[in-house]
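Working notes for the structure below.
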Amino acid sequence: MPGVWEERGFPGLDGVAWFRKTITVNETDAGKPAVLELDKIDDADETYINGEKVGSMDKWDEPRKYMIPAGVLKAGKNIIAVRVTDTQGGGGIYGDAPLQLTIDKTIVPLSGEWLFRVESVAGTNGTVGPNDFPALLFNGMINPLLPYTIEGAIWYQGEANAGRAYQYRTAFPLMINDWRQHFNQGNFPFLFVQLATFGSADANSNNGSNWAELREAQAMTLTLPNTGMAVTTDIGNPKDIHPKINRMLVNG
(Lines give C-alpha, C1' and ligand atoms only; values in the text may rest on other atoms or scores of the structure.)
Protein backbone atom coordinates (compact mmCIF):
# COMPACT_ATOMS: atom_id res chain seq x y z
CA MET A 1 0.00 0.00 0.00
CA PRO A 2 -0.90 2.52 -1.16
CA GLY A 3 -2.47 1.29 -4.39
CA VAL A 4 -5.88 0.17 -5.63
CA TRP A 5 -6.43 -3.55 -5.15
CA GLU A 6 -7.15 -4.12 -8.85
CA GLU A 7 -3.42 -3.58 -9.38
CA ARG A 8 -2.45 -5.83 -6.47
CA GLY A 9 -3.87 -9.12 -7.71
CA PHE A 10 -7.64 -8.55 -7.46
CA PRO A 11 -8.76 -7.30 -10.89
CA GLY A 12 -12.46 -6.53 -11.22
CA LEU A 13 -13.18 -6.84 -7.50
CA ASP A 14 -16.12 -4.79 -6.24
CA GLY A 15 -17.38 -5.34 -2.72
CA VAL A 16 -16.10 -5.11 0.86
CA ALA A 17 -12.60 -5.94 2.06
CA TRP A 18 -10.45 -5.44 5.15
CA PHE A 19 -6.91 -4.10 5.45
CA ARG A 20 -4.96 -4.73 8.65
CA LYS A 21 -1.54 -3.69 9.88
CA THR A 22 0.17 -4.29 13.23
CA ILE A 23 2.46 -1.58 14.59
CA THR A 24 4.53 -1.27 17.75
CA VAL A 25 4.22 1.71 20.08
CA ASN A 26 6.85 2.39 22.74
CA GLU A 27 6.13 3.09 26.40
CA THR A 28 6.78 6.82 25.97
CA ASP A 29 4.13 7.25 23.26
CA ALA A 30 1.54 4.85 24.71
CA GLY A 31 -1.73 6.53 25.63
CA LYS A 32 -0.99 9.76 23.80
CA PRO A 33 -3.34 11.25 21.20
CA ALA A 34 -2.23 10.75 17.61
CA VAL A 35 -3.05 11.51 13.98
CA LEU A 36 -3.67 8.73 11.46
CA GLU A 37 -3.19 9.65 7.78
CA LEU A 38 -4.31 7.15 5.14
CA ASP A 39 -4.64 9.38 2.04
CA LYS A 40 -7.63 8.59 -0.20
CA ILE A 41 -9.84 5.49 0.05
CA ASP A 42 -12.15 4.32 -2.74
CA ASP A 43 -15.10 4.37 -2.07
CA ALA A 44 -15.85 4.40 1.69
CA ASP A 45 -14.09 3.28 4.85
CA GLU A 46 -14.53 2.49 8.52
CA THR A 47 -11.21 2.66 10.36
CA TYR A 48 -10.38 1.06 13.70
CA ILE A 49 -7.42 0.97 16.07
CA ASN A 50 -7.39 -1.87 18.59
CA GLY A 51 -11.07 -2.48 17.84
CA GLU A 52 -12.13 1.11 18.52
CA LYS A 53 -13.60 3.05 15.62
CA VAL A 54 -11.55 6.20 15.01
CA GLY A 55 -13.07 7.49 11.78
CA SER A 56 -15.10 6.87 8.63
CA MET A 57 -15.85 8.61 5.34
CA ASP A 58 -17.73 7.84 2.13
CA LYS A 59 -15.88 10.15 -0.28
CA TRP A 60 -13.62 8.24 -2.65
CA ASP A 61 -11.38 11.22 -3.48
CA GLU A 62 -10.88 12.76 -0.02
CA PRO A 63 -7.70 12.05 2.02
CA ARG A 64 -8.34 10.44 5.40
CA LYS A 65 -6.89 12.20 8.42
CA TYR A 66 -8.29 10.86 11.67
CA MET A 67 -7.59 12.22 15.16
CA ILE A 68 -6.86 9.38 17.60
CA PRO A 69 -8.02 10.16 21.16
CA ALA A 70 -5.74 9.70 24.13
CA GLY A 71 -5.86 6.23 25.59
CA VAL A 72 -6.46 4.31 22.35
CA LEU A 73 -2.82 3.45 21.66
CA LYS A 74 -1.10 1.09 24.07
CA ALA A 75 2.48 0.05 24.67
CA GLY A 76 3.52 -2.83 22.43
CA LYS A 77 1.48 -4.14 19.51
CA ASN A 78 -1.45 -2.14 18.12
CA ILE A 79 -3.71 -3.19 15.26
CA ILE A 80 -4.97 -0.79 12.59
CA ALA A 81 -7.93 -2.20 10.64
CA VAL A 82 -9.65 -0.50 7.70
CA ARG A 83 -12.93 -1.80 6.28
CA VAL A 84 -13.26 -0.60 2.67
CA THR A 85 -16.44 -0.66 0.61
CA ASP A 86 -15.98 -0.35 -3.16
CA THR A 87 -19.04 -0.18 -5.40
CA GLN A 88 -17.32 0.07 -8.79
CA GLY A 89 -14.04 0.87 -10.46
CA GLY A 90 -10.88 1.03 -8.38
CA GLY A 91 -10.94 0.05 -4.73
CA GLY A 92 -8.62 0.39 -1.76
CA ILE A 93 -6.21 2.89 -0.20
CA TYR A 94 -4.42 4.98 -2.81
CA GLY A 95 -2.72 8.32 -3.50
CA ASP A 96 0.66 10.05 -3.42
CA ALA A 97 0.89 10.99 0.26
CA PRO A 98 2.69 8.65 2.70
CA LEU A 99 0.56 6.54 5.01
CA GLN A 100 1.59 7.30 8.57
CA LEU A 101 0.67 7.58 12.22
CA THR A 102 2.00 10.61 14.09
CA ILE A 103 2.31 10.39 17.89
CA ASP A 104 3.64 13.63 19.31
CA LYS A 105 7.02 13.86 17.52
CA THR A 106 7.14 10.20 16.54
CA ILE A 107 6.15 9.24 12.99
CA VAL A 108 5.26 5.60 12.37
CA PRO A 109 5.34 4.84 8.59
CA LEU A 110 2.47 2.69 7.37
CA SER A 111 3.20 2.39 3.65
CA GLY A 112 4.15 -1.09 2.49
CA GLU A 113 2.62 -4.48 3.13
CA TRP A 114 -0.78 -4.83 4.79
CA LEU A 115 -2.83 -7.94 5.43
CA PHE A 116 -5.87 -8.12 3.15
CA ARG A 117 -9.07 -10.16 3.26
CA VAL A 118 -12.25 -9.97 1.18
CA GLU A 119 -15.44 -9.87 3.24
CA SER A 120 -17.96 -9.96 0.40
CA VAL A 121 -18.11 -9.57 -3.37
CA ALA A 122 -20.75 -7.39 -4.99
CA GLY A 123 -23.31 -9.48 -6.84
CA THR A 124 -23.05 -12.51 -4.55
CA ASN A 125 -24.73 -10.92 -1.55
CA GLY A 126 -27.38 -8.72 -3.13
CA THR A 127 -25.28 -5.55 -3.04
CA VAL A 128 -25.05 -5.05 -6.80
CA GLY A 129 -26.20 -1.53 -7.65
CA PRO A 130 -29.07 -0.71 -10.03
CA ASN A 131 -26.65 0.84 -12.53
CA ASP A 132 -25.44 -2.69 -13.25
CA PHE A 133 -28.86 -4.05 -14.18
CA PRO A 134 -29.06 -4.86 -17.93
CA ALA A 135 -30.61 -2.08 -20.06
CA LEU A 136 -31.52 0.06 -17.02
CA LEU A 137 -29.25 2.97 -17.90
CA PHE A 138 -30.28 2.97 -21.55
CA ASN A 139 -33.99 2.81 -20.77
CA GLY A 140 -33.72 5.42 -18.03
CA MET A 141 -31.28 7.91 -19.56
CA ILE A 142 -31.06 7.48 -23.35
CA ASN A 143 -34.46 6.20 -24.44
CA PRO A 144 -36.35 9.30 -23.20
CA LEU A 145 -34.14 11.50 -25.44
CA LEU A 146 -34.79 9.60 -28.66
CA PRO A 147 -37.63 11.91 -29.85
CA TYR A 148 -35.22 14.87 -29.81
CA THR A 149 -32.66 15.85 -32.43
CA ILE A 150 -29.03 15.98 -31.32
CA GLU A 151 -25.80 17.47 -32.63
CA GLY A 152 -23.65 14.57 -31.50
CA ALA A 153 -22.22 12.79 -28.46
CA ILE A 154 -19.19 13.28 -26.22
CA TRP A 155 -18.10 10.17 -24.29
CA TYR A 156 -15.58 9.63 -21.48
CA GLN A 157 -15.73 6.11 -20.04
CA GLY A 158 -13.79 2.87 -19.98
CA GLU A 159 -12.43 2.24 -16.48
CA ALA A 160 -15.20 -0.24 -15.60
CA ASN A 161 -14.44 -2.23 -18.77
CA ALA A 162 -10.67 -2.44 -18.34
CA GLY A 163 -10.93 -5.94 -16.87
CA ARG A 164 -12.46 -7.13 -20.17
CA ALA A 165 -10.71 -4.73 -22.49
CA TYR A 166 -10.66 -7.04 -25.50
CA GLN A 167 -14.45 -7.19 -25.42
CA TYR A 168 -14.52 -3.37 -25.69
CA ARG A 169 -13.32 -3.71 -29.29
CA THR A 170 -16.78 -5.04 -30.06
CA ALA A 171 -18.94 -3.48 -27.34
CA PHE A 172 -17.98 0.16 -27.90
CA PRO A 173 -18.62 0.25 -31.68
CA LEU A 174 -21.85 -1.67 -31.12
CA MET A 175 -23.06 0.97 -28.68
CA ILE A 176 -22.24 3.81 -31.06
CA ASN A 177 -24.02 2.14 -33.96
CA ASP A 178 -26.95 1.29 -31.70
CA TRP A 179 -27.35 4.93 -30.63
CA ARG A 180 -27.15 6.10 -34.22
CA GLN A 181 -29.81 3.61 -35.22
CA HIS A 182 -32.14 4.60 -32.38
CA PHE A 183 -31.81 8.35 -32.92
CA ASN A 184 -32.29 7.83 -36.66
CA GLN A 185 -30.16 10.88 -37.54
CA GLY A 186 -27.45 9.18 -39.54
CA ASN A 187 -23.83 9.00 -38.46
CA PHE A 188 -23.92 11.95 -36.08
CA PRO A 189 -20.52 12.96 -34.60
CA PHE A 190 -19.39 10.72 -31.75
CA LEU A 191 -16.35 12.11 -29.94
CA PHE A 192 -14.66 10.31 -27.06
CA VAL A 193 -11.74 10.74 -24.67
CA GLN A 194 -9.16 7.99 -24.49
CA LEU A 195 -8.76 6.47 -21.03
CA ALA A 196 -6.39 8.69 -19.04
CA THR A 197 -2.95 7.68 -17.77
CA PHE A 198 -3.87 5.68 -14.68
CA GLY A 199 -3.79 2.12 -13.49
CA SER A 200 -0.24 1.65 -14.69
CA ALA A 201 1.33 0.25 -11.51
CA ASP A 202 3.22 -2.99 -12.20
CA ALA A 203 2.39 -2.66 -15.89
CA ASN A 204 5.21 -3.30 -18.34
CA SER A 205 5.96 -5.29 -21.48
CA ASN A 206 6.00 -8.51 -19.46
CA ASN A 207 2.95 -7.98 -17.23
CA GLY A 208 0.91 -6.11 -19.80
CA SER A 209 -1.75 -3.52 -18.93
CA ASN A 210 -5.50 -3.91 -19.33
CA TRP A 211 -5.78 -0.12 -19.32
CA ALA A 212 -3.45 0.06 -22.32
CA GLU A 213 -5.47 -2.68 -24.00
CA LEU A 214 -8.64 -0.67 -23.39
CA ARG A 215 -7.02 2.39 -24.97
CA GLU A 216 -6.12 0.26 -27.98
CA ALA A 217 -9.75 -0.81 -28.29
CA GLN A 218 -10.81 2.83 -28.20
CA ALA A 219 -8.32 3.71 -30.93
CA MET A 220 -9.63 0.86 -33.08
CA THR A 221 -13.13 2.34 -32.80
CA LEU A 222 -11.96 5.23 -34.98
CA THR A 223 -12.66 2.98 -37.97
CA LEU A 224 -16.32 3.98 -37.54
CA PRO A 225 -17.29 6.99 -39.66
CA ASN A 226 -17.53 10.44 -38.09
CA THR A 227 -15.78 9.53 -34.83
CA GLY A 228 -12.95 11.36 -33.07
CA MET A 229 -10.72 10.63 -30.10
CA ALA A 230 -8.91 12.96 -27.68
CA VAL A 231 -5.64 11.43 -26.43
CA THR A 232 -4.86 12.17 -22.75
CA THR A 233 -1.92 9.88 -22.05
CA ASP A 234 0.48 12.84 -22.04
CA ILE A 235 -1.58 15.03 -19.68
CA GLY A 236 -3.07 12.55 -17.23
CA ASN A 237 -2.07 11.64 -13.69
CA PRO A 238 -0.98 8.05 -12.88
CA LYS A 239 -2.36 8.49 -9.34
CA ASP A 240 -5.68 10.15 -10.24
CA ILE A 241 -8.17 8.67 -12.66
CA HIS A 242 -9.77 12.06 -13.29
CA PRO A 243 -7.20 14.44 -14.84
CA LYS A 244 -7.87 18.11 -14.24
CA ILE A 245 -9.88 18.73 -17.39
CA ASN A 246 -10.77 22.27 -16.31
CA ARG A 247 -7.09 23.16 -16.04
CA MET A 248 -6.38 21.65 -19.43
CA LEU A 249 -9.16 23.72 -20.99
CA VAL A 250 -8.01 26.95 -19.34
CA ASN A 251 -4.52 26.38 -20.67
CA GLY A 252 -5.86 25.75 -24.13
Within region 75-124, considering only strands (runs of 3 or more DSSP E) that don't extend past its boundaries, which have at least 3 residues that are of a type in the set (Gly, Ala, Ser), on the phi > 0 side of the Ramachandran plot and surrounded by 15 or more Cβ atoms within 10 Å (Cβ to Cβ)?
none
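Residues checked against (1) modelled with pLDDT under 80; (2) under 16 Å from TYR156 (Cβ atoms):
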| residue | (1), (2) |
| --- | --- |
| ASN207 | yes, no |
| ASN210 | no, no |
| GLU213 | no, no |
| GLU216 | no, no |
| LEU224 | no, no |
| THR227 | no, yes |
| LYS239 | yes, no |
| LYS244 | yes, yes |
| GLY252 | yes, no |
Does LYS40 satisfy being farther than 21 Å from GLU113 by Cβ and in contact with a strand residue (DSSP E or B) (Cβ under 9 Å, 6 or more places away or on another chain)?
no
So which residues in region 1-60 are charged (D, E, K, R), in a loop (DSSP other than H, G, I, E, B) and under 22 Å from the mean Cα position of the chain (by Cα), if there are any at all?
ARG8, ASP14, ASP43, ASP58, LYS59
Quick check on my filter: what residues within region 139-184 are in a loop (DSSP other than H, G, I, E, B) and surrounded by 15 or more Cβ atoms within 10 Å (Cβ to Cβ)?
TYR156, GLY158
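The values are calculated or read from the model by the stated rules, or taken from the named source; none is laboratory data. Just so we're clear, the structure is a prediction, and the values are computed from it rather than from any experiment. A quick note on method: Cβ atoms are made from the backbone with ideal geometry, for glycine too, and the neighbour counts reach across all protein chains shown.
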